[in-house]
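Scroll down for the structure; my scribbles are underneath it.
The values are calculated or read from the model by the stated rules, or taken from the named source; none is laboratory data. Here the structure is a predicted model, which means the values were calculated and not measured. Here the Cβ positions follow ideal geometry from the backbone for every residue, glycine too, while neighbour counts run over all protein chains shown. To get the accessible areas, we keep the full protein, side chains included, count just its heavy atoms, and leave off ligands, DNA and RNA. Shrake-Rupley method; radii C 1.70, N 1.55, O 1.52, S 1.80 Å.
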Amino acid sequence: MTFVQPGSAVRQLVWEAVPDKYAAPRVYASRTDAQAYANETGGRIQLLVTFPEGNVRLGPPPAMPIAPGDVVRRVAYRLQSWGERPLEFDELESARIAAPIGRSTGIFQILWIGPHEVRLVGETEYVNKEEPR
């Protein structure tokens with residue numbers, strides 16, 4: 001799981017078309033080509049973005065484009081447990097600490113990228129805290 005820090009710049013981005021079932025995602029340079037394959041297979045598209053920290057899948061696709069060289073302006077971490085209201089934190093460790101005991105909980109990183117602060121949601125890290133013994 002790669003988490004990106006404020007100030008990190010986009011090095012590269014490509015579009016991934018993720019089919020509905022039984023097929024591996026395909027990578028495309030253009031959103032149009034990725035969307036065509038996703039429509040054909042009943043799938044969806046997402047961005048695969050390379051930062052200095054590593055690769056991150058981001059979605060849903062932004063209305064405003066981002067480009068290589070755009071900088072992460074700010075980040076937040078959303079804690080989501082099934083049946084609970086999501087909570088947002090400025091620090092990853094705070095989100096991990098706040099995860100409830102005995103429940104599988106997802107932590108999503110939210111990134112605001114570029115001069116227009118395009119908001120994108122990253123992949124999920126799952127936290128499973130056990131009851132103390």
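In this simple spin-label model, placing a label point 7 Å from the Cα along the Cα-to-Cβ direction at both H116 and A24 gives a separation of 3.4 nm. Expressed as a whole percent, the proportion of Cα-Cα pairs in the chain lying more than 22 Å apart is 44%. Highest GNM mean-square fluctuation among A17, A34, A98, for the chain modelled with Cα contacts below 10 Å: A98. Shown for the chain: the carbon plus sulfur share of the solvent-accessible area, taken with all protein chains present and a 1.4 angstrom probe, equals 50%. Only protein heavy atoms count here; on that basis, with a 1.4 Å probe, L13 has an accessible area of about 40 Å². Kirkwood-type hydrodynamic radius, the range 1-59: 12.0 Å, calculated from all non-identical alpha-carbon pairs. When the alpha carbon gyration tensor of the range 57-127 is reduced to an equivalent ellipsoid, the three semi-axes, largest first, read 26, 12, 9 Å. If both residues of a DSSP beta bridge must be in the range 35-133, then about 95% of such bridges are antiparallel.
Per residue, the accessible area of the range 7-133 comes to 60 Å² when a 1.4 Å probe rolls over the protein heavy atoms.
For the range 26-82, a Kirkwood radius taken over Cα pairs fed into Stokes-Einstein (20 °C, viscosity 1.002 mPa s) yields D = 159 µm²/s.
Stretching N128 away from T41 to a fully extended chain increases their span by 28.0 nm, per 0.36 nm per residue minus the current alpha-carbon distance. Counting only protein heavy atoms and using a 1.4 Å probe, the accessible area of E91 comes to about 110 Å².
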